[in-house]
Amino acid sequence: MSTAEKQQIVERDENVAHLPSANVTPNQMLALAVERGADMVQLEKLMDLQERWEAGEAKKAFIRAMNAFKANPPKITKNKTVDYTHNGKRTNYDHASLDHICDVIGSALGEHGISYSWDTNQTESGIIRVECVLTHEAGHSKSTALQAPPDPSGGKNGIQAVGSTVTYLQRYTLLAATGMAVEDQDDDGEGATPESAPPQSDTITQAQCRTLLNMAEQVGKDAAYICEKAHIESVPELKKTRFDAAFNHLKKLQTAQEGGK
């Protein structure tokens, strides 16, 4: 911003709420207000505006980071075999262990400034609820929660049953929050209760995501444009049932641009 432009801003109406925002951030507006001796009411309004602006910028940063993560997602393979017999019935299956999933996803998320954590609690009825929270370094967070009863399968005692469900829900909330899936994912055998079975994805595939992003780029748009129109935080979250509508919308923009050439 040139000196002349700054001088024009300072010379505007004394009501700092009317300061132009096109080229001035709320933080700059607040600094100008303090310099001009604004009262507390005006300062509080500007501080609220600054907080909303920062929250909006943080959300945009989170969306960009998740789209970058999705553009080159890590591969999660099954690394552990479960094989035991209880009451004469054998249970045998392969799955991806929690530590393995954490290593793979955590490293990939970290490259884009995102970390994860879990909040866990148990209701009076015994139901266990696990919430996975993804947090971007800019401050924006998004959470995904699942719940299930303790899993007593395989002769587990009470504490083991709770621990089994917590581990199970931690795995699948992290997978669900990031939109990831284990290669050849199954339901982890009979140890999985119906309430804790991995949710079926109803969002678009990675190929469909790339298609929309490529189309958007061709018409001078970006992932944020798709998210704004669809009211989502990241393109991979778009429901499969809404893919055609998004595709057709971008196609119309593309056709309109081609017709105007």
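Couple of notes before you dig in:
- The gain in end-to-end length when the Q28 to N157 segment is fully stretched comes to 40.4 nm, 0.36 nm per residue minus the alpha carbon separation.
- FRET efficiency, 1/(1 + (r/R0)^6) with R0 30 Å, evaluated for D244 and W118 via beta carbons: 0.25
- Additional length obtainable on full extension of the chain from A256 to E233, 0.36 nm per residue less Cα span: 5.6 nm
- Based on Cα contacts under 8 Å between residues 6+ apart, the stretch 108-179 shows a relative contact order of 28 percent.
- Pairs with C-alpha atoms separated by more than 20 Å, drawn from the list K75/K142; K45/K142; K70/K142; K60/K221, are K75/K142; K45/K142.
We did not get these values from a lab; they are worked out from the coordinates using the rules stated. Worth saying up front: this structure is predicted, and the values here are computed from it rather than measured. All Cβ positions, glycine included, derive from the backbone under ideal geometry; neighbour counts span all protein chains shown.
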